[in-house]
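Quick notes on the structure that follows.
Just so you know, all these numbers are worked out from the coordinates, no wet-lab data involved. Quick caveat: nothing in here was measured; it's all calculated off a predicted structure. When we count neighbours, we look across all protein chains shown, and the Cβ atoms used for this are built from the backbone with ideal geometry, even at glycine.
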């Protein structure tokens, strides 16, 4: 779906006077997988590769960037990790908290505006400075699991 959506956007953006910008939102799993997440990790790593390839192919008219999001405080994260695991992650992240949806939204705004007009093919990490320590905290609090 990200490839087809980006293709459709490119058809419009490349004809605009100022071109455009595609922003893909991925996950730290593309860089730091956990046991049991092989399919998810492969998909997120593929999205990062797609971002870089399209940035090369569509420059200079259309910029393509990627956001690597850390653990975000959402209902889904609480359901997946539980409130206690989320607190363990927040305690070890250098910024002292989980990401909020607005943190990712503000990164998107910056990538979409003229202030980042020379940024393309980039992978912007929005993880509070400590996704690897955060993953270690999750691993300490959760039993290991594997992909089916």
By how many degrees, between 0 and 90 and to the nearest 10, does the Cα long axis of helix 2-13 differ from the longest principal axis of the chain?
30 degrees
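Taking neighbour Cβ counts within 10 Å as the exposure measure, how do 22, 119 sort from fewest upward?
Values: 22 24, 119 14.
Going from least to most buried by this count: 119, 22.
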Sorted by packing (mean other beta-carbon atoms within 10 Å per residue), highest first, where do 31-42, 48-59, 63-74 land?
63-74, 48-59, 31-42
Where does helix 101-112 land angle-wise versus the long Cα axis of the chain, in degrees 0 to 90, nearest 10?
20 degrees
Given R₀ = 22 Å, FRET efficiency for residue 32-residue 109 by Cβ-Cβ distance, to 0.05?
0.25
Show that you can apply the helix-only estimate: for the chain, add -39,500 (n - 2.57) for every DSSP H stretch of four or more residues, divide by all residues, and state [θ] at 222 nm to the nearest 500.
-16500 deg cm²/dmol
Could you work out how far helix 75-92 tilts from the main Cα principal axis of the chain, as a 0 to 90 degree angle to the nearest 10?
70 degrees
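Evaluated at 37 °C with a viscosity of 0.692 mPa s, what Stokes-Einstein diffusion coefficient in µm²/s does the chain have when Rh comes from the Kirkwood expression over alpha-carbon pairs?
It diffuses with D of about 201 µm²/s by this estimate.
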If you rank 21, 113 by fewest surrounding Cβ atoms within 10 Å, what's the result?
113, 21
